[in-house]
Structure formats: C-alpha cells, structure tokens
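Notes follow the structure.
The values are calculated or read from the model by the stated rules, or taken from the named source; none is laboratory data. Remember, it's a predicted structure, so these values are computed and weren't measured experimentally. Every residue, glycine as well, gets a Cβ built from its backbone with ideal geometry; the counts of neighbours run over all protein chains shown.
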Amino acid sequence: MNKMINKCPVCGADLAVTRLYCVSCNTSIEGHFVPEHTPFGHLTPEQMQFLLTFVRCEGKLNRMEEEMKLSYPTLRNRLNEIVRALGYEPGKEDLTPPLSAEDRRQILEDLDSGKISWEEAQARLRGEKYEEPAPSEEGNGGEA
C-alpha cells in the first residue's frame, strides 16, 4: 500500500480526501474528510521505524545500540536527521543549568539594592550573559 500524499503533485495545493474504502468488506464512503495531520506524516518509513524503536527503548540509545546493532554515533546522527526533518535544529534548545535558589536570591538582592539594572537581572535569571549597552553619542551637555 502506498503512503498517502497530502499535496497535489501537479500544483502543490492541499489535497482533499473524498473517498474512504474498506478492504475487508468492500465498502466505499464518499464525502469530504479532513485527514489527520501529524508532524510525523512526512517522515520516511525508516525514520518512523527508528522513532518506534526509540520509544520502545525509552529513549535510551545504549539499549538501541544492542537492539539495532548500530554504533552510538550512528544512532545519534539518525536521531538528529529526524529532529531536522521535524523542523528543529539539534542542540539549539539545550538549556543552561538552572540557577540555584541562592543564586536567584543574590540576583534579586543585587537588583533591590541597585547594584544591577532590571535588564541585567532579567538576563542573569534567564542564565544569559548581560552586556551593558554602549553609551550613546547623543548627549552633548543637554544641548538640542
């Protein structure tokens, strides 16, 4: 059986499902049906099989190494290909380690005492490095 396409191969427009057929009892149903779109619909059969194995192995690549007889780097590359196929860039959403309660408290105390600006406090609470904006050259003694 062929994979269902959702775009017209001639003009690229969305296709409408107008007929359903039961292979068991030979029943046909006609109408306008909305196909269920998932982000996984455009993955290759090999990528879908990889994802099923990934889920069955609870995301543990070391278990997948044993089951699929592939090396860790190969598994990692295949997973990264799937991540890209889903529209994401691998590693882009790596989170910085969360701040400890003590670090957060210190940032808020520094803000409260005026040692740091609101912008710097926000950046530090997000785990980002804060850079002071460059001084503007507009202020020439308050002259207009």
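A few remarks follow.
- Qualifying positions in region 62-80 - within 20 Å of Gly91 (Cβ to Cβ) and surrounded by 15 or more Cβ atoms within 10 Å (Cβ to Cβ): Met64, Leu75, Arg78, Leu79
- Here Glu30 does not qualify as within 24 Å of the chain's Cα centre (by Cα), at pLDDT 90 or above and charged (D, E, K, R).
- Annotation note: of Asp103, Asp94, the sole residue that is among the acidic types (Asp, Glu), surrounded by 10 or more Cβ atoms within 10 Å (Cβ to Cβ), farther than 30 Å from Asn2 by Cα and modelled with pLDDT under 90 is Asp103.
- Looking across Thr53, Thr18, one residue alone is surrounded by fewer than 11 Cβ atoms within 10 Å (Cβ to Cβ), touching an Asp or Glu at 6+ places or on another chain (Cβ under 9 Å) and either at pLDDT 85 or above or on the phi > 0 side of the Ramachandran plot (or both). It is Thr18.
- Checked against the criterion of being farther than 22 Å from Met4 by Cα and without any contact (Cβ under 8 Å) to a residue 60 or more places away in the chain, the candidates Glu46, Glu58 yield just one match: Glu58.
- Restricted to helices (runs of 4 or more DSSP H) entirely inside region 13-126, those with at least 1 residues that are among the small types (Gly, Ala, Ser) are 72-85, 101-112, 118-125.
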